[in-house]
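**Q** There's a structure below that I have some questions on.
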Amino acid sequence: MSIFPPETSGLLSASNSTVSTMIKQFLAKIPRKSPKSNTTDTEGANSSSNITTDAGNNSFINTYNAISSRLNTVKQMSSSIFPTTIMSGGEMIDPHTPFKDVQSSDKLRLLISKLNLCSKLYDFQNQDQDSTEKDIKRQTLLEIIDFLSSESPKLSEPAMFAVCKMCGNNLFRDFLPKRLFYSPRGEKEDDEPSFDPAWSHLQLVYEILLRFLSQTSVDPKIAKQYINHSFILRLLDLFDTEDPRERVCLKSVLHRVYGKFMVHRPFIRMVVSNIIYRFVFETEKHNGIAELLEIFGSVISGFALPLKNEHKIFLLRALVPLHKPRCVGVYHHQLTYCVVQFIEKEPKLSCAVIKGLLKYWPVTSSQKQLMFLSELEELLEKIHTDEFEKIMVPLFQRLNCCLRSTHFQVAEQAHFLWNNEHILHLIMCNRHTIISIVYLSIEQNSQNHWSRTVLNLAQNMMKMLSDVDQELVLLCQGQSEENKSKSTMVAERRRLTWERLESIASFQPVVGSVPVLEETSACVVSC
């Protein structure tokens, strides 16, 4: 029993009829035999004309029979090899036809027709231009979304190719360069977001791409031919768009691609690393760093233990240097989450991360200092004692500067670290080293800081230290007094030195018009 439906001979019959008509038209142009009334013609001429006409007729009759025989052979072969249903499968269906008006077997061909229609681009800078065509395209996109959502079809390879081609034609584009300005907090000074005028179509195209990636019938082994490295590279370039709505859609799409195509995961991580390298060390301009880090926050949480060397390199060479740009405030929350995820996976990395944090510690920006202090508190909550001991000296030397800061928020945040139980436990276990570094700053704040909040915090810290280890506090007080006396002596020596220099400069005798410097005892300047 044949698996193909009964065929029709309409196409071959039409071809046979066309050939017959052409032969008849050709025979009609041949000169006909003269009438019998022409008795003046000679018998030889009549015989010659008759022979010529008969030969021509026989020749064309033989040609006609040969063509008919070949047409019958072709008809028999096409009936057995190319059924009508397959031959008509390559024909395109009118893309304006609704899905409900075609049979189930033709819906994929109709889908491809609609996708090809939507591959055409229009200029949205002029909203009045091609308004009818734009409306038709938008309606067609909505029909495709409804079809993919309700039917859940098993897409063929041509359909997969058509979906990827249509999405690529509509989404992949170059952005005009725009100079970005950032405030001290790292936020964009231009609060007005830039919206793409073609978003009414782009939003639907993103929805189609998401529905396509969400189809359970889409085999990644087949779809990777179309969602390839070139497609992913262009997709990641779109994260630099200024439209925040598009970046939200890109987040969902990239997350789907990363989860569905395991073979592309190393390539995605490599490309994102290159984007970060270019942003940190070259341009410091990119609109989608926060979204990329948000995606990688969930990616990092799924890393298997022990961490691969590739993942550690990504942390130390990509994530840690992201603290350097002045616009770090735009993505600092997502960056902190990614770094903390790494520390939770492997606490031994905390030492290297804090060293990197100290390397890029801000000096003049109090707002960045507040962000760094907040991140540092989260890191110290995860650190182990042995790792803490490796970096406690440079760490508290930097915190000592924050305790002495005239910016009250920075000083407050530095004092608040002592309210964290885990951090306080680490400090108390190493108090002989740490208290000697920060005691003088705490003591000065407890006596004369201009902010009442900082003053109260410092006084509470002094009371707590006295309750924990009175001997250590007395020792630190003695060292503080000794340091103060040394500082007073150095300041007095400097004052006397300058007075002596001024005295020497004011008593120079003048001979004629040239001042002469008298020989005096050697003056040692000690500052």
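**Q** What's the total number of residues in the stretch 195-214 that are surrounded by fewer than 18 Cβ atoms within 10 Å (Cβ to Cβ), of a type outside the set (A, V, I, L, M, F, W, C) and closer than 15 Å to LEU250 by Cβ?
**A** Looking only at that region, the number is 2.
**Q** Taking the stretch 282-298, which residues are buried (at least 19 other Cβ atoms within 10 Å of the Cβ) and of a type in the set (S, T, N, Q)?
**A** ASN287
**Q** Which of the residues spanning the stretch 450-500 are outside any helix (DSSP H, G or I) and either exposed (fewer than 15 other Cβ atoms within 10 Å of the Cβ) or touching a residue at least 40 places away in the same chain (Cβ under 8 Å) (or both)?
**A** TRP450, SER451
**Q** Kindly indicate whether any position in the stretch 155-172 is more than 15 Å from PHE212 (Cβ to Cβ) and either touching a residue at least 60 places away in the same chain (Cβ under 8 Å) or surrounded by 15 or more Cβ atoms within 10 Å (Cβ to Cβ) (or both).
**A** Yes.
**Q** Of the residues that make up the stretch 260-279, is at least one among the aromatic types (Phe, Trp, Tyr), touching a Gly at 6+ places or on another chain (Cβ under 6 Å) and either open to solvent by 50 Å² or more (accessible area, probe 1.4 Å) or in a helix (DSSP H, G or I) (or both)?
**A** Checked the stretch 260-279: no residue is among the aromatic types (Phe, Trp, Tyr), touching a Gly at 6+ places or on another chain (Cβ under 6 Å) and either open to solvent by 50 Å² or more (accessible area, probe 1.4 Å) or in a helix (DSSP H, G or I) (or both).
**Q** Please enumerate the residues belonging to the stretch 301-317 that are of a type in the set (Ser, Thr, Tyr) and open to solvent by 60 Å² or more (accessible area, probe 1.4 Å).
**A** none
**Q** Name the residues in the stretch 194-227 that are among the acidic types (Asp, Glu) and over 22 Å from SER150 (Cβ atoms), would you?
**A** Residue satisfying the conditions is ASP196 alone.
Conditions (1) assigned to a helix (DSSP H, G or I); (2) at pLDDT below 90, marked per residue:
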position: THR85; (1), (2): yes, yes
position: GLY89; (1), (2): yes, yes
position: ASP94; (1), (2): no, yes
position: THR97; (1), (2): no, yes
position: LYS100; (1), (2): yes, yes
position: LEU115; (1), (2): yes, no
position: GLN125; (1), (2): no, yes
position: LEU141; (1), (2): yes, no
position: ILE145; (1), (2): yes, no
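**Q** Anything in the stretch 428-486 that is touching a Phe, Trp or Tyr at 6+ places or on another chain (Cβ under 9 Å) and aromatic (Phe, Trp, Tyr)? List them, or say none.
**A** TRP450
**Q** Another question, then. Within the group CYS327, CYS351, which residue is in contact (Cβ under 8 Å) with a residue 40 or more places away in the chain, in contact with a strand residue (DSSP E or B) (Cβ under 6 Å, 6 or more places away or on another chain), among the hydrophobic types (A, V, I, L, M, F, W, C) and crowded, with 16+ Cβ neighbours inside 10 Å?
**A** Being in contact (Cβ under 8 Å) with a residue 40 or more places away in the chain, in contact with a strand residue (DSSP E or B) (Cβ under 6 Å, 6 or more places away or on another chain), among the hydrophobic types (A, V, I, L, M, F, W, C) and crowded, with 16+ Cβ neighbours inside 10 Å holds for just one of CYS327, CYS351, which is CYS327.
**Q** Go through ILE442, ILE423 for me and flag whichever is over 38 Å from the mean Cα position of the chain (by Cα), of a type in the set (A, V, I, L, M, F, W, C) and farther than 16 Å from LEU370 by Cβ.
**A** Only one candidate qualifies: ILE442.
**Q** Could you go through the stretch 117-129 and let me know if any residue there is more than 25 Å from LEU238 (Cβ to Cβ), surrounded by fewer than 19 Cβ atoms within 10 Å (Cβ to Cβ) and of a type in the set (Gly, Ala, Ser).
**A** Looking through the stretch 117-129, none of the residues is more than 25 Å from LEU238 (Cβ to Cβ), surrounded by fewer than 19 Cβ atoms within 10 Å (Cβ to Cβ) and of a type in the set (Gly, Ala, Ser).
**Q** Please state which one of HIS286, HIS311 is farther than 26 Å from ALA352 by Cα and either over 13 Å from the mean Cα position of the chain (by Cα) or not in a helix (DSSP H, G or I) (or both).
**A** That would be HIS286, the only listed residue that is farther than 26 Å from ALA352 by Cα and either over 13 Å from the mean Cα position of the chain (by Cα) or not in a helix (DSSP H, G or I) (or both).
**Q** Could you check VAL320 against (1) open to solvent by 50 Å² or more (accessible area, probe 1.4 Å); (2) touching a Phe, Trp or Tyr at 6+ places or on another chain (Cβ under 9 Å); (3) not aromatic (Phe, Trp, Tyr) and say which number it fails?
**A** (1)
**Q** Okay, next question. Got a number for residues in the stretch 434-444 being open to solvent by less than 10 Å² (accessible area, probe 1.4 Å) and in contact (Cβ under 8 Å) with a residue 40 or more places away in the chain?
**A** 5
The values are calculated or read from the model by the stated rules, or taken from the named source; none is laboratory data. Keep in mind the model is a prediction, meaning the values are calculated, not measured. Counting neighbours? That spans all protein chains shown, and the Cβs are built from the backbone with ideal geometry, glycine included. Please note that ligands, DNA and RNA were not included when accessible areas were found on the heavy atoms of the full protein model with its side chains. Shrake-Rupley method; radii C 1.70, N 1.55, O 1.52, S 1.80 Å.
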